[in-house]
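The block underneath contains the structure these notes are about, expressed in structure tokens.
The values are calculated or read from the model by the stated rules, or taken from the named source; none is laboratory data. As the structure is a computational prediction, the values presented were derived from the model and not from experiment. Glycine gets a Cβ as well: all are built from the backbone with ideal geometry, and neighbour counts include every protein chain shown.
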Amino acid sequence: MRRLLALAVALAPLFAQDAPAPPPIPEDSLKQARHRFDLVSTRAMAHLHAADTIEARLNENGATLHPQIIALRLRIGASLEEAHSAIAGGDLKAADQAMTTAEALVDRFARRLGGE
């Protein structure tokens, strides 16, 4: 065991690589990503609020929302969280993909609710 540990310590410098620093993200690109996130999340919140209102009315009559609507709610939240984390981490490509997914899900959600 000691030999294996000594070998690993001796070979470690050979395999260590200094990762190059990522290029700085232009501030205007980051600002645009944040702005898009704000627009997508605001639109999502408006539709989610409408779904809450519909769900409350359905619950009064003993009914519930369709399971697909509930699943879409969760997927929208997950996509927005992923986009937010990517923006905070400076990964604009991942943020763009997550926001595109969130926008598509919000569109589907709105159609399922009967809006837009």
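Tabulated data
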{"quantity": "Scope the range 19-41; condition modelled with pLDDT of 90 or more, in contact with a helix residue (DSSP H, G or I) (Cβ under 7 Å, 6 or more places away or on another chain) and aliphatic (A, V, I, L, M); matching residues", "calculated": "ALA33, VAL40"}
{"quantity": "Any pair with Cβ under 8 angstrom, 6 or more apart, that starts in the range 99-116 at a residue that is under 16 Å from PHE37 (Cβ atoms) and ends at one that is aliphatic (A, V, I, L, M) and at pLDDT below 90", "calculated": "LEU105/LEU72"}
{"quantity": "Contacts under 7 angstrom Cβ, first residue in the range 21-50 being farther than 13 Å from ASP96 by Cα, partner at pLDDT below 85 and not acidic (Asp, Glu), 6 or more apart", "calculated": "HIS47/LEU113; HIS47/GLY115; ALA50/LEU113; ALA50/GLY115"}
{"quantity": "Tabulated pairs, the range 64-90, first surrounded by fewer than 17 Cβ atoms within 10 Å (Cβ to Cβ), second not in a helix (DSSP H, G or I) and not polar (S, T, N, Q), C-beta under 8 angstrom, 6+ apart or interchain", "calculated": "GLY90/PRO22; GLY90/ILE25"}
{"quantity": "Number of positions in the range 71-110 that are part of a helix (DSSP H, G or I), over 8 Å from the mean Cα position of the chain (by Cα), among the charged types (D, E, K, R) and more than 18 Å from ALA50 (Cα to Cα)", "calculated": "2"}
{"quantity": "Some residue of the range 59-70 being modelled with pLDDT of 90 or more, closer than 29 Å to GLY114 by Cβ and hydrophobic (A, V, I, L, M, F, W, C)", "calculated": "no"}
